[in-house]
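K.L.:
Starting off with a structure, shown below.
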Amino acid sequence: MFEAWCKGRTGVPIVDAAMRQLTTVGWMHNRCRMIVASFLSKHLLVSWRLGEKHFMQHLIDGDFASNNGGWQWTVGSGNDGSPWFRIFNPWTQSERFDPNGEYIRKYVPELADLDCEKIHAPHEKCTKDEFEKLGYPRPIVDHMFARCHPFGRCPHGVQTTLLGTLQGCVNKERGLDF
């Protein structure tokens, strides 16, 4: 999952656009930094330290204190952390801050021909045939799980889905292989 996040292949257009911008340009807007940090740590359940390290390897404006502080704020730790239960909805963020999908079209060319109604969530808005022709991945994680797991209120089906995902990530030598 971490590799998909790094490469901008998560199936979440705004996350993928931001991560592709990072690796091609070496920069991304602060709003996108918060979205991708929240997605990595709270949707994928990957340590923020891996994201912080990845950012420092790619950001041309990388500053240890700002980068480290930004990641800690997102996960709810450090001196000025956001509440630990704040989980950005990447689809809502995408619609709010890139309403016409221009940012996504620039960095996720496989979605460039989609209209504004479909570009933010093509896995939901496109027909099955339309989606398959895009060559774009389905989301690698269920947002419902990310929203409810901190509170211990996951519906049974979501818990089962997560268990199946975790079972698929077990590596006998390394334990969980995210």
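Bear in mind these aren't lab numbers, they're just calculated from the coordinates by the rules spelled out. Computed from a prediction, not measured in an experiment: that's the story for all the values here. FYI the Cβ positions are ideal-geometry reconstructions off the backbone, even for glycines, and counts take in every protein chain you see.
K.L.:
For a quick check: sort Y136, Y103 by the number of other beta carbons within 10 angstrom, fewest at the front.
P.N.:
Y136, Y103
K.L.:
Now a separate question. Quick check on the exposure proxy: order D63, D98 from fewest to most C-beta atoms within 10 angstrom.
P.N.:
D63, D98
K.L.:
Using the Cα atoms of the stretch 1-67, I'd like the radius of gyration and the largest Cα-Cα distance, Dmax, both in angstrom.
P.N.:
10.5, 30
K.L.:
Cut-off under 12 Å on the C-alpha distance; same-chain residues fewer than 8 positions from K53 excluded. Which aspartates and glutamates are left, in chain and number order?
P.N.:
Straight-line reach from K53, under 12 Å: D63.
K.L.:
State the extension gain, in nm to one decimal, for the chain segment bounded by L45 and A65, taking 0.36 nm per residue of separation less the distance between their alpha-carbons.
P.N.:
Extra length available between L45 and A65 comes to 4.9 nm.
K.L.:
Under 26 Å between alpha carbons, and skipping anything fewer than 8 positions from K128 in its own chain: which lysines qualify?
P.N.:
Output for K128: K7, K106, K118.
K.L.:
Work out, step by step, the length gained on full extension between T24 and M144: first 0.36 nm times the residue separation, then minus their alpha carbon distance; give nm to one decimal.
P.N.:
40.1 nm
K.L.:
Can you sort K118, K128, K42 from fewest to most other Cβ atoms within 10 Å of each residue's own Cβ? Can you show the working numbers first?
P.N.:
Working: K118 20, K128 8, K42 23.
Going from least to most buried by this count: K128, K118, K42.
K.L.:
First check a/c for the stretch 1-141, with a ≥ b ≥ c the square roots of the eigenvalues of its C-alpha gyration tensor; if it is under 1.5, answer rounded, and if not, answer prolate when a/b is larger than b/c or oblate otherwise.
P.N.:
Note, shape of the stretch 1-141 comes out prolate.
K.L.:
Same structure again: Between K125 and K106, 0.36 nm times their residue separation minus their Cα-Cα distance comes to what?
P.N.:
4.9 nm
K.L.:
While we're on this one: Given points 7 Å out from each Cα along the Cα-Cβ axis, report the E95 to E3 separation in nanometres with one decimal.
P.N.:
Modelled inter-label distance: 3.4 nm.
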